[in-house]
Every structure is written in structure tokens, then in C-alpha cells.
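Working notes for the structure below.
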Amino acid sequence: MQLNAKVDFDYDRAFCRSIGVVSSVDLNLLRSKRLAIAGCVGVGGAYAHVLARLGVGGFHLADLDFFELENMNRQFGARMATLGLSKVDVIANDIHQINPTAFIKTFSSGIDSGNVRQFISGVDLVIDGLDFFAFEARRTLFEAAESLRLPVLTAAPIGCGATLLAFAPGGMSFARYFDWRTEDDELTLALKFVVGLTPNGWFRSYVDPRSIDLKAKTGPSSAVGVTLCASFVGAAALKWLLDRSKSPVAPYYLQCDAYSQRFKRGHLFLGNRHPWRKLKIYLARRYWQSRR
């Protein structure tokens, strides 16, 4: 068979190797499902690839950024041929290369209070793939999803590890878990976010803290962490979309670090409002302020 031989797309044949993990009935259900992925950066692009290959049939994608050379180390859509191109357009094209019949709606200006309801309208599940420092967009996304009682999955690639959190009715809200307050400045939001995303600081054994610059909004990343996030989110999305036993919701979490070879399913009682977490945030603030 020639490498470029013309083959007509057939959904059932394209995803038949998933049978066993899912049933043929499940595949038809996944084909009817629609997801909203906020952010097509590192983890967002990886989520789109994994979920498209799981057979999900509909996507709302939002991102306002363009691919740059420094995205090569972790972002699935970053290739020499895509440098300078819109991330949301590249990822949408990648999905269509996997499943030409997929429904895709793109939001090339990102998400904000003016379009977030449209972005999550008609979807079955929301996935947070926003850049770490997109605090306002993330707050807007979670508040809108909570008001519509939509579940949201978020995962963080920290070093060569990942942490999965699910926010849904019956669990702790995003704002309460991370203890985000309206009066918090960006440094406080960043510190609360990273402390809530790293219940166990395994990454500290090998990540150089000098490579993290909260003021410049940069930090180290790896394709290992991004890929772990995509695996966590893909499996959790499969359970939510097929109405199987759901992933535990916040304040429960799943954390894995491939480098230190550790895994834990835990429970953060009170989230960042717990006295021990507050102490961690306080000490982290003192550390970062001392570096200025």
C-alpha cells in the first residue's frame, strides 16, 4: 500500500482498535459528545489529540496565541511548519486529520466574560488547558461552568509529573479549593495555584527553582508532564462522557511523577484553606519576595 494512497474515512474502522477498552455502543456515544477545551497550548493541544483519537466527535477550542520556537519542547501542535500560525487553527486541523467528520468550533480570541457562555454552550464536559498564568480567563471559565453545573477537568504538568483535579456539582468549587479571592494580586494567585496543584512537592527533588520566574511568567516544562496530563484527562473524560464511575471530585486529587516514580490519590481537606496549606503559601511568598 502506498503511503499516500487515497483511503475514504470510515469512523467505525478508524476507531475499531478501541473496542475492548470501550464497546461499539460506547464509540457511538463518544461520537455524539462535545467537549470545550480552553487553551490549545501545551496541555490543551495534547488533550485534543488524545480525545480525538478516543473518538470524541465534537470540540469547542479556544486560544488566541500563535506557535513560537520555544513551544517545541512540549506543545503537540508545534512543528517547523506551524511556527507563526494560530494555535487554535493548527489543533483544529490536527483533529480533522484524525477524524474528518468531527465538529469543531473555534474561538480565536480566547475566552472572556463576553463569549464564555457561547464557548461552553451545548458541551458535555469542559477541560481547562489554559496557560498557567491565565488567571482571569480561568476564573471566568470556572464561574461560568459552575453556574451551568458543568463538570470541569484540570491537570497541571509540573516537571515530569501531573496532577488531576475534577470540579463538579457535589464537590468543592475551584475558587474554594484554591482559595482564590478578589483581593489577591497575581503573585498570590500564582502561589495559591501552584500549591493547590502540587499536593506533594516531588518535583522539588529535580526542578531547579531558579528557572522559575513568576514576574516574567515563565517556568520549566517538559513533554513528559504534558503527556501525563493528557493521559489523566483522557481517562477521566472517558469515564465522565460514558457515565461510568466518575473521577473523584475536588478536594480529591490524583498525582503522579514519572521522574521520582511516585503516585498518590489523596484528599486535601479544606483545600488551600487548611492551615498547613496556608503556611506553605506564606513561606512560598517569602521565598519569592526575597528573590526580587
How do 69-75, 152-158, 8-14 rank on mean C-beta neighbours within 10 Å, highest first? 152-158, 69-75, 8-14
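Roughly how compact is region 75-187, stated as its Cα Rg over 2.2 N^0.38 Å to two decimals? Don't skip to the answer; put the middle values down first.
Working: Rg = 15.6 Å, N = 113, 2.2 N^0.38 = 13.3 Å.
Compactness ratio reported: 1.18.
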When N is the residue count of the chain, what does its C-alpha Rg come to as a fraction of 2.2 N^0.38 Å? 1.00
Quick note, region 1-89: a/c under 1.5 would make it rounded; otherwise a/b > b/c is prolate and the rest oblate (a ≥ b ≥ c, C-alpha gyration tensor); here it is oblate
Just check region 95-156 against the gyration tensor rule for me: Cα atoms, a ≥ b ≥ c as the square roots of the eigenvalues, rounded for a/c under 1.5, and otherwise prolate or oblate depending on whether a/b exceeds b/c. prolate
Take every DSSP beta bridge with both residues inside the chain and express the antiparallel ones as a percent of the total, to the nearest 5. 50 percent
Under a 10 Å cutoff between Cα atoms, tell me which one of 131, 184, 89 has the largest fluctuation in the Gaussian network model of the chain. 184
Can you grab the distance from the C-alpha centre of region 1-73 to the C-alpha centre of region 197-265, Å, no decimals? 21 Å
For region 133-292: rounded, prolate or oblate by the Cα gyration tensor [a/c cutoff 1.5]: oblate
Furthest towards positive pole of dipole, 77, 153, 115, structure part region 72-193, Cβ charges: 77
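For the chain, what does the relative contact order come out to in percent, with C-alpha contacts under 8 Å and a separation of six or more? If you can, show how the numbers build up before the last one.
Working: 503 pairs, mean separation 53.4, N = 292.
In percent, rounded to a whole number, it is 18.
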Taking the Cβ of residue 52 as the centre, find all other residues whose Cβ is under 13 Å away and add up their charges (Lys, Arg: +1; Asp, Glu: -1). +3
Two-site label geometry, residue 267 and residue 65: point separation in nm, points 7 Å out along Cα→Cβ: 3.6 nm
Which cross-chain or sequence-distant (5 or more) residues have an amide H under 5 Å from the amide H of residue 259, H modelled 1.01 Å from N in plane? 160
Is any residue of region 15-44 close enough, with backbone N under 13 Å, to a label point placed 7 angstrom from the Cα of residue 101 along the Cα-Cβ axis, and if so, which? 15-16, 27-33
If you place +1 on the Cβ of every Lys and Arg and -1 on the Cβ of every Asp and Glu, how big does the dipole about the Cα centre of region 15-290 come out, in debye to the nearest 20? 900 debye
Sort 39-49, 195-205 for me by packing, meaning the mean count of neighbouring Cβ atoms within 10 Å per residue, highest on top. 39-49, 195-205
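Readers should treat all values here as calculations from the given coordinates under stated rules, not as data from a laboratory. No experiment lies behind these values; they were computed from the predicted model shown. All Cβ positions, even for glycine, are placed from backbone atoms using ideal geometry, and neighbour counts span all protein chains on display.
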